[in-house]
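A short write-up of the structure that comes next.
The values are calculated or read from the model by the stated rules, or taken from the named source; none is laboratory data. Computed from a predicted structure; not experimentally measured. For neighbour counting, all protein chains shown are included, and Cβ atoms are generated from backbone atoms with ideal geometry for every residue, glycine included. Just the protein is used for accessible areas: all its heavy atoms, side chains included, with ligands, DNA and RNA removed. Shrake-Rupley method; radii C 1.70, N 1.55, O 1.52, S 1.80 Å.
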Amino acid sequence: MPNGVVLRWYGEHSVAETTRAWAQTLHGRAPLVGEPARHLSREELERAFAGFDPVLESERASLQAIVIRRPDGFREQPTAAELSRTGGLVGDRWATGKADPGDQVSMMNVDVAARLANGQSIGLFGDNLFTDLDLRETALPEGAELRIGEAVVRVSATPHVPCDRFRARFGHPAFVFAAATPRIRGVYLTVVAGGAIAVGDAVHRLG
């Protein structure tokens, strides 16, 4: 791994501008495979996350990207979608798989995702919603409710942990780092009230 990969990723623009542009770059019909040359070592991960504090963005947090995992295996990245109490993210394969009513939708912090991906597509994560809200348990405990656009969702008790596909796409050091760091993979959400959502919608905690 060449030195400075992470620094190149953030070098030309502000972190917020670069992350927003990355999150909205379409994955399209590209294969869901990782690029080993983009995998970060433990030392590079530590450097990428040094001084990172998502709470700084949380007061004005918004929905940065929506990813629908189509049943045919491809990724769709609409600018608007719908959340349903019975179907989760409408169009996502959740309803056709081993659907758990409490884990309908997954959400990840977009800045965390950008650091782990190191230039790879946001579509590789397999998560549905990406936000700059602080998703750590101290800020968003189990049972907390969020409003996103017209919808309301509740944080599930099920921990969101990395899997073998995460390891293959982002590397073993990223897998170990995510497994050892609570909420790096974000949270699962239960849809309490369905409704329309769109990129740019405010994401805020209720109560």
Item to check | Of all residues in region 178-193 being within 16 Å of the chain's Cα centre (by Cα) and more than 22 Å from Ala65 (Cβ to Cβ), the one that is most open to solvent (accessible area, probe 1.4 Å) | outcome: Pro182
Next on the checklist: Give me the residue from region 113-134 that is in a loop (DSSP other than H, G, I, E, B) and in contact with a helix residue (DSSP H, G or I) (Cβ under 6 Å, 6 or more places away or on another chain) and, out of that set, surrounded by the most Cβ atoms within 10 Å (Cβ to Cβ).
Outcome noted: Leu133
Item to check | Subset of region 100-137 (residues that are polar (S, T, N, Q) and within 17 Å of Gly88 (Cβ to Cβ)) | outcome: Gln104, Ser106, Asn128, Thr131
Checklist entry - List the pairs whose first member sits in region 102-120 and is within 24 Å of Ala144 (Cβ to Cβ) and aliphatic (A, V, I, L, M), whose second member is open to solvent by less than 10 Å² (accessible area, probe 1.4 Å) and part of a loop (DSSP other than H, G, I, E, B), and whose Cβ atoms are under 6 Å apart, counting only residues at least 6 apart or on separate chains? => result Val105/Asn128; Met107/Gly186; Met108/Asp127; Met108/Gly186
Checklist entry - So, of the residues in region 17-49 that are closer than 11 Å to Asn118 by Cα and of a type in the set (A, V, I, L, M, F, W, C), which turns out to be surrounded by the fewest Cβ atoms within 10 Å (Cβ to Cβ)? => result Ala37
Checklist entry - Out of (1) open to solvent by 70 Å² or more (accessible area, probe 1.4 Å); (2) of a type in the set (D, E, K, R); (3) part of a helix (DSSP H, G or I), the odd one out for Glu137 is which? => result (3)
Checklist entry - Is it the case that some residue within region 169-182 is in contact (Cβ under 8 Å) with a residue 60 or more places away in the chain and either polar (S, T, N, Q) or more than 19 Å from Glu44 (Cα to Cα) (or both)? => result no
Item to check | region 141-157 - residue that is assigned to a loop (DSSP other than H, G, I, E, B) and either at pLDDT below 95 or small (Gly, Ala, Ser) (or both) and, of those, farthest from Gly102 (Cα to Cα) | outcome: Gly149
Checklist entry - With respect to Ala196, is the statement that it is within 20 Å of Ser62 (Cα to Cα), surrounded by fewer than 20 Cβ atoms within 10 Å (Cβ to Cβ) and in contact (Cβ under 8 Å) with a residue 24 or more places away in the chain true? => result yes
Next on the checklist: Restricting to region 16-65, name every residue that is over 17 Å from the mean Cα position of the chain (by Cα) and polar (S, T, N, Q).
Outcome noted: Ser41
Next on the checklist: Given the criterion open to solvent by 10 Å² or more (accessible area, probe 1.4 Å) and either in contact with a strand residue (DSSP E or B) (Cβ under 7 Å, 6 or more places away or on another chain) or more than 26 Å from Glu17 (Cα to Cα) (or both), identify the matching residue among Val90, Val110, Val55, Val67.
Outcome noted: Val90
